[in-house]
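The numbers here are math on the coordinates, done by the rules we state, and not lab data. A quick note: this is a predicted structure, and the numbers were derived from the prediction, not measured. FYI the Cβ positions are ideal-geometry reconstructions off the backbone, even for glycines, and counts take in every protein chain you see.
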Amino acid sequence: MGKLDNKVAVITGAAGGIGRAAAKLFAQEGAKLMLVDLDETNLLSMVEEIGSDKASYITADVSNVNDVKNYIDKTLSIYKKIDITLLNAGIEGKIASIQDQTDGDFDKVLAVNVRGVWLGLKYTMPVLAENGGGSIVITSSTAGIRATPGLSPYITSKHAVIGLMRAGAMEGAKDKIRVNTVNPSPIETNMIYRIEDEINPNRGNKQPMADNTPLKRYGQPEEVARLMLFLGSEDGSFCTGGVYMCDGGVSGGRSF
């Protein structure tokens, strides 16, 4: 028996490192999946790897209301319900000081990272309520509770989705909908490599973000996926409105 037998999960940002790991784990635990991303090539490879009997996909811009409605409608047309939604899609944006970011830079990040989450909540919560409840897991970041120079749009967005999570948790409780955030970093994904390369183009084999964690390593996408599984399954049945760190101790303080 899998922890997600007979469950249907929607995963946005499914082609990225964390989304891909979550999709594989959720499928192993018995879930049927709707994989959502803009990267159709990787979505196709994921469906092939997981199996078309367990996974379907749709390309979507999570900041576009019609695309959000479409991924929900396609899920319902194939699987007839939604039990779990992972609102995981996100972008880091440009690395620059506040004064060197344009309003377009700011708007682009918030469109995906905040509007995309708000739309996901708005249109999946009624579906979960009709199904008797469910779980929504939002990917925030350690940047949702701390700050780093040069990433003001990203940091703003990851703080914002914690507020959205709390609002969703309070509004969804009456319908047995649980809403939580996972807050990972630094996780060994292409996003982390891009950020480190932009901050220090000459870093070579150095891993400054990993070295700055108390555990002295990157987290792995699979470690975040296991936390998502806990929150998405009945193991996390009394968890809602929570901020769940997965950051190697970064949020705990400094290691000497």
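Quick look at the numbers
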| item | result |
| --- | --- |
| Cleavage-rule hits (trypsin sites (Lys or Arg not before Pro)) in the range 1-90: DSSP loop, at most 16 neighbouring Cβ within 10 angstrom | Lys54, Lys80, Lys81 |
| The chain: projected area of the alpha-carbon convex hull, averaged over directions, in nm² | 13.8 |
| Positive minus negative residues near Ala167 (Lys, Arg vs Asp, Glu; Cβ under 15 Å) | +3 |
| Net charge of neighbours whose Cβ lies under 12 Å from the Cβ of Ala23, counting Lys and Arg as +1 and Asp and Glu as -1 | 0 |
| Proxy reagent accessibility, fewest Cβ within 10 Å first, across Ile95, Ile84, Ile72 | Ile95, Ile72, Ile84 |
| Estimated dipole of the range 1-121 in Debye, rounded to 20 [Cβ of Lys and Arg +1, of Asp and Glu -1, Cα centre] | 540 |
| Residue of Asp67, Asp211, Asp175 that the Gaussian network model of the chain assigns the largest fluctuation, springs spanning Cα pairs under 10 Å | Asp211 |
| For Gly120, net neighbour charge (Lys/Arg +1, Asp/Glu -1) across residues whose Cβ lies under 13 Å away | +1 |
| Normalised contact order of the chain, rounded percent, pairs of Cα under 8 Å and 6 or more residues apart | 19 |
